[in-house]
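**Student:** One structure is given below, represented as structure tokens, and several questions about it will come after.
The values are calculated or read from the model by the stated rules, or taken from the named source; none is laboratory data. Predicted model only: the values in this text are computed from it and were never measured. Using ideal geometry, Cβ is built from the backbone for each residue, glycine included, and neighbour counts are taken over all protein chains shown. Each accessible area value is taken on the protein alone, full model and side chains, heavy atoms only, with ligands, DNA and RNA left out. Shrake-Rupley method; radii C 1.70, N 1.55, O 1.52, S 1.80 Å.
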Amino acid sequence: MNAPKDAEARRAIKPVIVYPPDTLPPVDTGAYRDAVSGYELTSQVLVPPREAGSFRVPAGGAFRITSVDGPQVGDLNLFNANDLTERFFSGKTRAIHGTHVNEGDHLWSVLPYLRPMATIIEDTLGWYGFDEFGGGIHDVIGTRCDPYTGNLLSGKDYHHCCHSNLTRALVDETGLSLAEAEMHVHDVLNVFMCTGFTRDKGQYFMKASPVRPGDQITFFSNINLLGVLSACPGGDCGGEHSSDVAACYPLLVEVFEGAPPDGWRAPDVNGYDRSHGR
């Protein structure tokens, strides 16, 4: 197809940021880190390779995910611990903060709640930025590896993908049936995963994560949270995805509790009146 005469002029139009976050209250991550440094460790979960684990964090608490033993990525779901219908909204988090989240960014909940569920206050991989391929760390663009796509593309069933791992862990934590729990599993934060889009066709890609044992990401909990984390069967996601071939390692989740920073308060649900023009 021939390009129009003004093709270059059309391409040269400057982009506009759709949801500039400048009006959001600033996040003093230093104050959060100082407060959390005085917190006590109250629980921990070691998530086995190719499995998932659950944890709970009270409002004003914190949780930390750490790579142990070897390079490993994780798929994270977050819920309001008192209401599973309020869960992490990866799409709006991406629209506000970008394709990959880092220190000072929030993890937002779905409509109609739309409030910060958790805030990243420390990230030892924050130095990575974006590489020459456009890859970055901690993405909110991938969904989660799942058995349905695997069956679609290969005709085979694989039960230890992240979607199934998260479903089983949510069943174990809540007592819901598999069918009920699966409907609550949602698009994830890909913790430690290195991903981006190709320059030619904009295809979602993954590459070996730079995460190493001891790397960690710490979140402040803005509401009472139920978290579910899967140690992805792709390991560092540098090769085959959703299989028993990749080298996989556990992920450690630690929960901390203490006195929040001065002036902190749990965020209210979104202020929109929900009249929708009627």
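**Student:** Give the residues of region 67-87 that are on the phi < 0 side of the Ramachandran plot and open to solvent by 10 Å² or more (accessible area, probe 1.4 Å), sorted by residue number.
**Tutor:** Val68, Pro71, Asn80, Ala81, Asn82, Asp83, Leu84, Thr85, Arg87
**Student:** Now, a different point. Please give the number of the condition Ala35 fails out of (1) open to solvent by less than 40 Å² (accessible area, probe 1.4 Å); (2) not in a helix (DSSP H, G or I); (3) not β-branched (Val, Ile, Thr).
**Tutor:** Status for Ala35: all satisfied but (2).
**Student:** Another question, if that's okay. Is it the case, given these coordinates, that Leu176 is closer than 14 Å to Ser242 by Cβ and either free of Cβ contacts under 8 Å to residues at least 60 places away in the same chain or among the hydrophobic types (A, V, I, L, M, F, W, C) (or both)?
**Tutor:** No: the conditions fail for Leu176.
**Student:** Go through region 223-278 and give me each residue that's among the aliphatic types (A, V, I, L, M), under 23 Å from the mean Cα position of the chain (by Cα) and open to solvent by 50 Å² or more (accessible area, probe 1.4 Å).
**Tutor:** Ala247, Val269
**Student:** Considering each of Ala95, Ala7, Ala52, Ala3 in turn, give the residue that is open to solvent by 20 Å² or more (accessible area, probe 1.4 Å) and more than 16 Å from the chain's Cα centre (by Cα).
**Tutor:** Ala3
**Student:** While we're here: Over 29 Å from Gln44 (Cβ atoms) and of a type in the set (Gly, Ala, Ser): which single residue out of Gly227, Gly238, Gly196 fits that description?
**Tutor:** Answer to the check: Gly196.
**Student:** If Asp187 meets every condition in (1) more than 12 Å from Asn77 (Cα to Cα); (2) surrounded by fewer than 21 Cβ atoms within 10 Å (Cβ to Cβ); (3) charged (D, E, K, R) apart from one, which number is that one?
**Tutor:** So the condition that Asp187 fails would be (1).
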